Each structure stands twice: as C-alpha cells, then as structure tokens.
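A.B. asks: Below are the structure tokens for one structure; questions will follow.
Laboratory data are not the source of any read-out in this text; all were calculated from the coordinates shown. These numbers come from a predicted model, not from an experiment. Cβ atoms come from the backbone with ideal geometry, glycine included; neighbour counts cover every protein chain shown.
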There are 2 protein chains.
Amino acid sequence: MTSRIHVRYLVRGDAKSIAARAEGIAVEQSVEMPVEPIGNPFVIDQIIGRVEDIHDQGNGLFDVRIGLATITTGLEAGQLLNMIIGNTSMQDDVTLADAEFPAEVADAFGGPRHGLAGLRERLRAPVRALTATALKPQGSSAAFLAKLAGDIALGGIDYIKDDHGIANQFYSPYAERVPAIAEAVARGAARTGVPTRYLPSLNGNLDAMRGQIGLARSCGLDCVLIAPLIAGLAQFQTLVTENPDFAFMTHPTMSGTARIRPSFLLGKLFRMLGSDATVFANYGGRFGYTAEECGLLSRFALQDWPGIKPCVPVPAGGMLLERIPEMLNFFGTDVMLLIGGSLLSTRERIAAETARYVEAVRAAAKG
Amino acid sequence: MTSRIHVRYLVRGDAKSIAARAEGIAVEQSVEMPVEPIGNPFVIDQIIGRVEDIHDQGNGLFDVRIGLATITTGLEAGQLLNMIIGNTSMQDDVTLADAEFPAEVADAFGGPRHGLAGLRERLRAPVRALTATALKPQGSSAAFLAKLAGDIALGGIDYIKDDHGIANQFYSPYAERVPAIAEAVARGAARTGVPTRYLPSLNGNLDAMRGQIGLARSCGLDCVLIAPLIAGLAQFQTLVTENPDFAFMTHPTMSGTARIRPSFLLGKLFRMLGSDATVFANYGGRFGYTAEECGLLSRFALQDWPGIKPCVPVPAGGMLLERIPEMLNFFGTDVMLLIGGSLLSTRERIAAETARYVEAVRAAAKG
C-alpha cells in the first residue's frame, strides 16, 4: 500500500457543490481523466487521489484534505510540485494551504544540511538572532559592491547576500564580482573577528549554477542564495545534494501569494528540499503577507520534524532598524533579520549603521 | 543606451495613489531599494525601471506600462522572469498583463525552432487543424500505455503525448515506457500512413532531461513535452538550444492564473523561449480561462514577430469531440486540438473514436 501525502486545499465554494469539487481536485491532481473508464484496480486503489476530509470554515471557504499517492511523485522535487498543485494552480477557487508528508518523502529529500544549528555554529552565535543584509543596487560594478560589502562587514554583521536581482550581467559578472566581494568580506571579518559570511546569488541553468558554486568554494565561501521557483525545484534539490558543505539560503521571488500559501511553500516545502534559511516578505513591509502567515511560516520552518533539521526563518522586505525589538518579540531569537534597502540608504555611514544594527540585536539577546 | 522591455501591469488601486504605486513597481523590479541614496549615474539613467504610461481602465484598475532595462536580464531566461515579475508576484494588487520585447531579447532566445510550419510539414498537413491526445492514466504500466498509444495511432491522429503527470515513476519508468510507446506508435503509423508523433514528458533536473531527449532520439522520436514552470525556464531554453532537431510542446502546469496573464506567459513568453506548440486550458472546459483570454493567447502565439516563428496554440482541458466545429470556428485552422480524457473514456472503441475525431477535423478543413 502506498503512503499518501495529505494535502490541504482552501476551496471557495458552497455546501451543495463542495463534495463534487473536492473530488474534481483529487482527480485533477492524480489521474486527470474521468474515473469511470479506468479498469485497472492498482490505479483505482493506489493512484487516484482520495478526498479525506471537508471542513466548512464559513464565509464560503472549505478546508479540503486530499490524500495523494506518494508513488505518483517518483520522489522527485519537480514532480512533487506538479502533483500537489500543478494543474490546480490554474483554477482560481483553490489555494494549496498545507501538506503532511509521510516519512519516506522527507527522508528522500533530507531537508537542510546545516539548518539553524549549523548556521549558528558557523557564526559562533549559539543563542541570539542572526543578522543579514543585501548588496544593492544592481547596475553597480563589482568594485563598488566589493567596497560596500567590505564596509558592511566592518559593522560585524553575520550574513551579506547578493540582491536577488544581481545575476550575471555585464556590469558585475559573477566571475568578477564573487572573488572581489569574498575578499573584501574576508578582510572585514579579519578586523572585526566576526566570521561574516557572503552569499552570492546563483543564476542560469544547472550547469551554470554548478560552476558558480565551484567558484564560490574556491573563494573560501560556504553558502549561496538560490531562487527555487526560478531555478526549478529539481535544480535546487540537486545542488543541495551535490554540495553538502554548502548552506543554501532561499529567495521567494516568483512565489506569488494567490495559489500556494507562503507558510507552506517557503516554510515547509523549501525546508524539506534543503533550505537552510528561508527569506520571506515580513508583515508590515511592502508585501501582502499577514502577521499570522509569517508566524505560521516561522513555526513551519522551525518545528520538530524527524530527520529534518530546522530552517532559519528570514523575514525581509522593507524592514527598518526601528522594528528590531518588535520583530524579535514576534519571532523570538531563532530568526535571521534581513535589513537591506534602509541600511544601504545610510551610504557613507554604513559601517557604523551596520554596527548599530548588530548591537541592537546583541543587546536584545542579553536583555 | 540600453533598450527597454516595455512591461504592462494591471494594477488595482485608486487615482490618488496609482502614480506612487507604479513607481514602487518600477523600483521593485529593478534596483529594489530606495532611489534617493543611489549616486551612480549609470544606475539612475540605465537601470532603474521607468514608469512610461498609466491608463485608468475604470473599476479601480490601471494599466501601467514600465520600461525595464534589457541589460538587467543578462539575456538569461530565468533572470528575465525574475526581472519582469519575480518579487511583484508576491504583491496581490498586480498582474503581469503583457510585455513588448526589443529585438535583441527575441534574437537572444530565438523562439520555436520548428513552429507551426515545421509541425505541419512533419505531419504532411499543410492547411487543416492538427489533432492530438494524451496517454492516461498515470499508474498504468508501460505495456498498457504502449497498447493504448498503438490503438490511438490506428485512428490516424497527429500527436500523442504523455499525460503531464506521467514522469519517471516505478510503474512506467521513462526508459521502459518511451521505447515501448514509440514502437507501438510507429507500427500504427506504418499501417495508417499518417506520420503520427509521440511526445514523451520530460522530468527531473537538466541532466535527467538531457538523457531523456537522447533516449527519445534513439527511439526515432523528434518531439517532447516539457513543463517550463516546473523545469525552470533556463532548463527549457537550454534544451531548445541544444536540440534543434526536436520540437517542444509546452505544458502550462504551475502557471497559476492570478499573477501572470496566460495569454502573455503561454502565448508570448513560452513562444519566445522556444515552444513549438503551447498547451493551454481552453474556455468552457474545467479551468477558469475566458474565451477572450484564449483568443488573445492564440493571437500572441501566431502573430507576426520578426525572426520568431509562429507557435501552435493547443487548447485543451476537458474538451469534447462535439466541440470541434465550435473550436475550429473560434480558433481557425492554425491550431492543434487536444482531446484527452473524453477520448480515453471510449475504451475498446478508442481507435474508431480517434478516427471519428480525425475525420471531423479533416472534414471541417474541406467544408
């Protein structure tokens, strides 16, 4: 008997038609054809999706739980996404809300290779919240970005990542930018004693990304930024498996908000596929996530999961230094704060502003 | 001076705030930081997105045109998607409606390698609509699918594709399934004289997909099915470039409907990246697209585009034989009809039903 992935969909509908609609989703996400002419008992018993529960949430919304056969995923990351939401993403009465994965699925993907504890250990920061910022704007030269990164490193920050729009453009090609920034950050780290990490942003196809990780490693780096929904989940999962010495921070670009709840996609699915630190749009910033969604995302990223390490939640998107106490109060200290644009706006004072940011986080840990 | 991609967003808002909101999108999709502290004139002049036009459509909807610098895409497929919608996909007041690409972008990707004329030539069908169906259900053995494909081929259909849920599961692994189906279809084609094509569905990472195309080629096949939003656009574009002898049919799974208009994504963007035939959810089926959207998608796929061949529109998703006259009336004959589940429901009569389907399309071409 195959195990089942128990997928929860939030469906807009009415009490009269919801049972048929739920069956429709179960069929769409499995055999995708009328059930009646299927004669094969294996397909009928083991492959067709099963409606397991329908719960009326009120206001015309129903929580529908469907059991999808694990074997239909082939335990492959892209096909997993295809089976839990692929075609149904085109039906706008449905949102993928959550899924419970059986142990064989979690075991096949393995989750973060480093996770919260691994990242803390690298930064020698066993308790406090971690700090991060982003290098911007794209269009800057490699030399400019390296100077900027070096200045930020002097402030004693934990993580400096490329902006997710910085790819391999001629004005700062990866092969020129990454060695320059890595060296500048290493110089800054040598002065502060904080083992600040730089995360270059991967781009292009799988071949290109492999080459980029190789170059990063040769520059002494041990972590990268990847956008799984642009890379393709299969590429992300392959790179995690091939590079166990690297930590992967994931970026939410292209994650939408309408068809898949961010808490599930960024907090649970990315974690299972190997995200060590998951960036998401914090509430109260310039994106539309609610505080409830962000809290749930953080819980999904951190909660106990046999065999799967905790992934660090990274709230971001228009964050300000002034919000540090509030964010630490909301998320606790198992978090990496990512403050980008507002820090960069301080220009020549950036090392001092970064130090103020870092100090605020450290002080909160003591207080 | 860099060329600009002119991107049209449909934005929900009000007349008082729309100008600021449009600026916000232009910044989000380029430098992604406050503009004021940016001192580099190159970034200010050439990189920051520019609001080019705002048109009040009424009902609280605004058509906003933004010029994004081509150079920020690095002419790489994944980064192109990242720049035109990536982060903004998380802001639910915005839909990417359309984009005009400058010639250098279209030239860099090159569009379909075969397109409408190439597919027609292979099928020796210079005028009439093309016919297609899908092999289902997943969970079936390779032998069952081969028998089914052989029976369908006896009906003289043009294209038989794997269902997009058929990947590399143990019950019909690619390496076993594809040679068996290819042989069965070739046998059927030899009897009918119709050069029926089989399109296996690619899955996994780039390495796996390369191997799958290699195996398909060794079986005498010359076309495949790919889901670009699961594979990652970079993988899709790489495979198109590496395999000019192959035609690529694209599947819309994971395309959502909320953040990107299907007409643009499936009709224009997939075409530019190399789709020879683009499957989409037809109006009046089980998905939510309107007739207007499907008509626009078809026009985008086929319209004149210097250097870019026309891509065949493939309406699908719950289509019935009874709708053939209506669909041909709506789409004309530059179309490939894809009728899946309803054909499969005829079971042992499938060769005869396929012949009836094919005859209806041929008859329409004569009438």
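A.B. asks: Need one number: nm distance between label points at B:Ala291 and A:Arg356, each 7 Å from Cα along Cα→Cβ, rounded to one decimal.
C.D. replies: Going from the B:Ala291 label point to the A:Arg356 one covers 6.2 nm.
A.B. asks: What average count of beta carbons from other chains do you get within 10 Å of the Cβ of residues in A:228-240? Mind dumping the intermediate values first?
C.D. replies: Working: counts 1, 9, 11, 7, 14, 5, 11, 9, 2, 2, 5, 1, 0.
Going residue by residue through A:228-240 and averaging, the value is 6.
A.B. asks: Karplus couplings for segment A:18-24 from phi (6.51 cos²θ - 1.76 cosθ + 1.60, θ = phi - 60°), rounded to Hz, Gly and Pro as x?
C.D. replies: 5, 5, 5, 5, 4, 4, x
A.B. asks: If each residue's Cβ is checked for other Cβ atoms within 10 Å, how do A:Cys223, A:Cys311 rank with the fewest at the top?
C.D. replies: By the 10 Å Cβ count, ascending, the order reads A:Cys223, A:Cys311.
A.B. asks: For B:Cys223, list long-range residues whose amide hydrogen, built 1.01 Å from N in the peptide plane, is under 5 Å from its own amide hydrogen.
C.D. replies: Here the answer is B:Ala247, since their amide H atoms fall under 5 Å of that of B:Cys223.
A.B. asks: On a full-extension model of 0.36 nm per residue, what is the gain between B:Arg12 and B:Glu183, subtracting their alpha-carbon distance, rounded to one decimal in nm?
C.D. replies: 56.2 nm
A.B. asks: Let me ask you something else. Using alpha carbons only, how many angstrom separate the centre of segment A:1-30 from the centre of segment B:1-59?
C.D. replies: Rounded to whole Å, the Cα centres lie 40 Å apart.
A.B. asks: Please give the length that would be gained between A:Phe42 and A:Asp207 if that part of the chain were fully extended, namely 0.36 nm times their separation in residues minus their C-alpha to C-alpha distance (nm, one decimal).
C.D. replies: Using 0.36 nm per residue and subtracting the Cα-Cα distance, I get 55.5 nm.
A.B. asks: Rounded, prolate or oblate: pick one for segment A:4-109, where a ≥ b ≥ c are the square roots of the eigenvalues of its C-alpha gyration tensor, a/c under 1.5 means rounded, and failing that, prolate if a/b is larger than b/c, else oblate.
C.D. replies: Oblate, since a/c reaches 1.5 and b/c is not below a/b.
A.B. asks: Here is a follow-up. In nm, one decimal, shortest first: how far is the label point of A:Asp93 (7 Å from Cα along Cα to beta carbon) from the matching points in the other copies?
C.D. replies: Shortest to longest, the spacings are 2.9 nm.
A.B. asks: Any idea how far apart A:Glu104 and A:Ala20 come out in nm if each label point goes 7 Å out from Cα toward Cβ?
C.D. replies: Inter-label distance under the simple model: 3.5 nm.
A.B. asks: Just report the Cα centroid separation between segment A:331-351 and segment A:68-91, whole Å.
C.D. replies: 37 Å
A.B. asks: Could you check which residue among A:Val105, A:Val43, A:Val94 shows the biggest mean-square fluctuation in a GNM of chain A with a 10 Å Cα cutoff?
C.D. replies: Fluctuation is largest for A:Val43.
A.B. asks: Then there is this: Can you give me the relative contact order of segment B:115-366 as a percent, contacts being Cα pairs under 8 Å and 6 or more apart?
C.D. replies: Result for segment B:115-366 is 23 percent.
A.B. asks: Copy-to-copy spacing for B:Ala106, label 7 Å out on the Cα-to-C-beta vector, in nm, shortest first?
C.D. replies: Relative to the other copies, B:Ala106 has label-point distances of 5.1 nm.
A.B. asks: Still on this structure, please answer the following. For the pair A:Arg347 and B:Arg349, how long in nm is the line joining their label points, each one 7 Å along Cα→Cβ?
C.D. replies: 7.9 nm
A.B. asks: What ranking of B:Ile54, B:Ile84 emerges when the number of other C-beta atoms within 10 Å of each C-beta is taken as an exposure proxy, fewest first?
C.D. replies: Starting with the residue having the fewest Cβ neighbours, the order is B:Ile54, B:Ile84.
A.B. asks: In what order do B:Ser172, B:Ser3, B:Ser342 fall by count of nearby beta-carbon atoms within 10 Å, going from fewest to most?
C.D. replies: Working: B:Ser172 24, B:Ser3 14, B:Ser342 19.
So the residues, fewest neighbours to most, are B:Ser3, B:Ser342, B:Ser172.
A.B. asks: So if the hydrodynamic radius of segment B:229-367 is defined as the Kirkwood radius over C-alpha pairs, what does Stokes-Einstein give as its diffusion coefficient at 4 °C and 1.567 mPa s, in µm² per second?
C.D. replies: The calculation lands on 82 µm²/s.
A.B. asks: Each residue of segment B:196-202 in turn: what ³J(HN,Hα) in whole Hz from Karplus with 6.51, -1.76, 1.60 and θ = phi - 60°, glycine and Pro shown as x?
C.D. replies: Result, ordered by residue: 3, 10, 10, 10, x, 8, 7 Hz.
A.B. asks: What is the average number of partner chain Cβ atoms found within 10 Å of a Cβ in B:339-346?
C.D. replies: For peptide B:339-346, the averaged partner shielding equals 3.
A.B. asks: Could you go through segment A:105-116 in sequence order and give the Karplus-derived ³J(HN,Hα) for each residue, using 6.51 cos²θ - 1.76 cosθ + 1.60 with θ = phi - 60°, rounded to whole Hz, and x for Gly and Pro?
C.D. replies: Running phi through 6.51 cos²θ - 1.76 cosθ + 1.60 with θ = phi - 60° gives 6, 4, 5, 5, 9, x, x, x, 7, 10, x, 3 Hz.
A.B. asks: Would you mind calculating the gained length between B:Ala365 and B:Leu215 on full extension (0.36 nm times residue separation, minus the Cα-Cα distance), in nm to one decimal? Spell out each step's value before the answer.
C.D. replies: On the way: separation 150, 0.36 × 150 = 54.00 nm, distance 3.57 nm.
Residue separation times 0.36 nm, minus the Cα-Cα distance, leaves 50.4 nm.
A.B. asks: Run lengths n ≥ 4 of DSSP H only: what is the helix-derived mean residue ellipticity at 222 nm for chain A, with -39500 (n - 2.57) per run over all residues, to the nearest 500?
C.D. replies: -11000 deg cm²/dmol
A.B. asks: Between rounded, prolate and oblate, where does segment A:115-366 land on the alpha carbon gyration tensor, with a ≥ b ≥ c its root eigenvalues, rounded for a/c under 1.5, else prolate if a/b exceeds b/c?
C.D. replies: rounded
A.B. asks: Can you work out the PRE-style zone for A:Asp63? Point 7 Å along Cα to Cβ, and I want the residues of segment A:82-111 with backbone N under 18 Å.
C.D. replies: A:94-101
A.B. asks: Under the classification rounded if a/c is under 1.5, otherwise prolate if a/b is larger than b/c and oblate if not, where does the protein assembly as shown fall, given a ≥ b ≥ c as square roots of the Cα gyration tensor eigenvalues?
C.D. replies: Verdict is prolate for the protein assembly as shown.
A.B. asks: Distance between the C-alpha centers of segment A:141-165 and segment A:186-207? Whole Å please.
C.D. replies: The two parts, judged by their Cα centres, are 8 Å apart.
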